[in-house]
C-alpha cells in the first residue's frame, strides 16, 4: 500500500487548482508550513494555481504573502496545515472542496478532511511538510526552506521543547545541506522586536501573578493594549518568555482580542498537562502548549482556578 506521503502527492498531482489554509490567529509554524508548501508545489508543478488563504498577521508579514480565496472551490483541492479541528480553519470551508487533506501535529480532535496526516510526535507542521517533501517527488526550494525553518524553529523555540526528536534534527540537517540555507539571518527576522514590544514585555514581567501552586498568569485588557500600541497576537506570542522561572510550573497570557471580540489565551507548561483543561474552554493543543478562546474575563478567572488545580496535582 502507498504511504500517506504518496497518497498526498497523488492528490496534489491530480488537481490543477489548490487552496492551502491554516488556523485562525496564525503563528510562524502555521504560516511557514502553508506558504512554504505553496512554494514547493509551484516549483514542482509550475502550471498549477495555488492559493494560500487566511487573515494576515502583520507581525509575521515577512514570512510571505497571502491570496484571496477563489469564489468557486467545488472542483479544487484543499490542504489544511497545523489545524486539528474544522472550527479553527481560517477562511476555507473543507466540505466546499472536491477533496481535502489535513497535515497536522496536534493531538487528534476530529476528522474533517478526506485524507489526514496526523503525527503528534512531530515538532511542528513545518516538520511534516519536510517529511512529505523528502518522501515524494516534490521539489524543495531555498525560499520554501526558509519558511519551513522559521516555522519549525518557532514551534520548538530553537529546539528547546521536549518534542524535538532525532528526526527533527535529521530533517533540519538535510534541509540545510540541500538548500545551503543561511539560517542566521532568519533568526534576526524572527526575534527582532520594535521598542514598544520590548517595553510591553517589561510590563508583563513586572505584573505576572503567580498562584500558591505555581501557576503564573497575566490578564491584558483593551486599555492596556492601546497604551502600548500592541495587539492580542503580540501578547500571546510572548508567552514563551516566561519559561524557566523558578517556582512557575505552568503559565498563561490572557489578552483581549478586539478583532474577534473575545479573550485569547496562550498557555504553556513545564510539567502539568494543560491541554485537557484547554479543551473544556473552547481550545486545545499539546500537553505542554495550548490555546483557548474565552468569552470574557469571568471565564478567564475560572480557567485560572482549573489550571492552578492541575499545577497542585502535579506538585503532589
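The values are calculated or read from the model by the stated rules, or taken from the named source; none is laboratory data. On a predicted model such as this, the values are computed, not experimentally measured, just so you know. Please note: Cβ atoms are built from the backbone with ideal geometry, for glycine as well, and neighbour counts cover all protein chains shown.
Got a number for residues in the stretch 70-93 being more than 29 Å from residue 289 (Cβ to Cβ) and either in a loop (DSSP other than H, G, I, E, B) or under 15 Å from the mean Cα position of the chain (by Cα) (or both)?
Residues flagged as more than 29 Å from residue 289 (Cβ to Cβ) and either in a loop (DSSP other than H, G, I, E, B) or under 15 Å from the mean Cα position of the chain (by Cα) (or both) within the stretch 70-93 amount to 7.
For the subset of the stretch 9-29 comprising residues that are crowded, with 24+ Cβ neighbours inside 10 Å and assigned to a helix (DSSP H, G or I), which member is farthest from the chain's Cα centre (by Cα)?
28
Checking the condition closer than 19 Å to residue 17 by Cα and touching a residue at least 40 places away in the same chain (Cβ under 8 Å), which residue from 128, 115 passes?
115
Does residue 67 satisfy being without any contact (Cβ under 8 Å) to a residue 12 or more places away in the chain, assigned to a loop (DSSP other than H, G, I, E, B) and either surrounded by fewer than 19 Cβ atoms within 10 Å (Cβ to Cβ) or in the same structural domain as residue 156 (by TED's automatic domain parsing) (or both)?
So residue 67 does not fit the description; no.
Within the stretch 70-83, which residues are farther than 28 Å from residue 189 by Cα and touching a residue at least 40 places away in the same chain (Cβ under 8 Å)?
Result: 70, 73, 75, 76, 77, 78.
Per-residue answers, yes or no, for (1) out of contact with any strand residue (DSSP E or B) (no Cβ under 9 Å at 6 or more places or on another chain); (2) touching a residue at least 24 places away in the same chain (Cβ under 8 Å); (3) more than 19 Å from residue 58 (Cα to Cα):
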residue	(1), (2), (3)
133	yes, yes, yes
146	yes, yes, no
161	no, yes, yes
171	yes, yes, yes
180	yes, yes, yes
201	yes, yes, no
216	no, yes, yes
219	no, yes, yes
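Residue 258 fails exactly one of the following numbered conditions: (1) under 23 Å from the mean Cα position of the chain (by Cα); (2) outside the structural domain of residue 135 (by TED's automatic domain parsing); (3) surrounded by 14 or more Cβ atoms within 10 Å (Cβ to Cβ). What is the number of that condition?
(3)
Output the residues belonging to the stretch 283-316 that are part of a loop (DSSP other than H, G, I, E, B) and buried (at least 16 other Cβ atoms within 10 Å of the Cβ).
Listed by number, the residues that qualify are 286, 287, 288.
Can you find even one residue in the stretch 30-52 that is assigned by TED's automatic domain parsing to the domain that holds residue 18, at pLDDT below 95 and either surrounded by fewer than 24 Cβ atoms within 10 Å (Cβ to Cβ) or under 15 Å from the mean Cα position of the chain (by Cα) (or both)?
no
Do you know which residues across the stretch 169-194 are modelled with pLDDT of 95 or more and part of a helix (DSSP H, G or I)?
Scanning the stretch 169-194 gives 169, 170, 171, 172, 173, 174, 175, 176, 177, 178, 179.
Suppose the filter is surrounded by fewer than 23 Cβ atoms within 10 Å (Cβ to Cβ), in the same structural domain as residue 85 (by TED's automatic domain parsing) and at pLDDT below 95; does residue 62 pass it?
On the way: surrounded by fewer than 23 Cβ atoms within 10 Å (Cβ to Cβ): yes; in the same structural domain as residue 85 (by TED's automatic domain parsing): yes; at pLDDT below 95: yes.
Spelling it out, residue 62 is indeed surrounded by fewer than 23 Cβ atoms within 10 Å (Cβ to Cβ), in the same structural domain as residue 85 (by TED's automatic domain parsing) and at pLDDT below 95.
Considering (1) in contact (Cβ under 8 Å) with a residue 60 or more places away in the chain; (2) over 23 Å from residue 190 (Cβ atoms); (3) in contact with a strand residue (DSSP E or B) (Cβ under 6 Å, 6 or more places away or on another chain); (4) surrounded by 20 or more Cβ atoms within 10 Å (Cβ to Cβ), say which one residue 249 fails and leave the rest.
The one condition residue 249 does not meet is (3).
Go through 116, 131, 146 for me and flag whichever is under 24 Å from residue 13 (Cα atoms), crowded, with 23+ Cβ neighbours inside 10 Å and at pLDDT 95 or above. Let's see the steps before the verdict.
Numbers: 116 fails: crowded, with 23+ Cβ neighbours inside 10 Å; 131 fails: crowded, with 23+ Cβ neighbours inside 10 Å.
One residue alone meets the criteria, 146.
Can you tell which of 227, 287, 302 is under 25 Å from residue 316 (Cβ atoms) and out of contact with any helix residue (DSSP H, G or I) (no Cβ under 7 Å at 6 or more places or on another chain)? Outline the logic, then answer.
On the way: 227 fails: under 25 Å from residue 316 (Cβ atoms); 287 fails: out of contact with any helix residue (DSSP H, G or I) (no Cβ under 7 Å at 6 or more places or on another chain).
Of the residues listed, the single one that is under 25 Å from residue 316 (Cβ atoms) and out of contact with any helix residue (DSSP H, G or I) (no Cβ under 7 Å at 6 or more places or on another chain) is 302.
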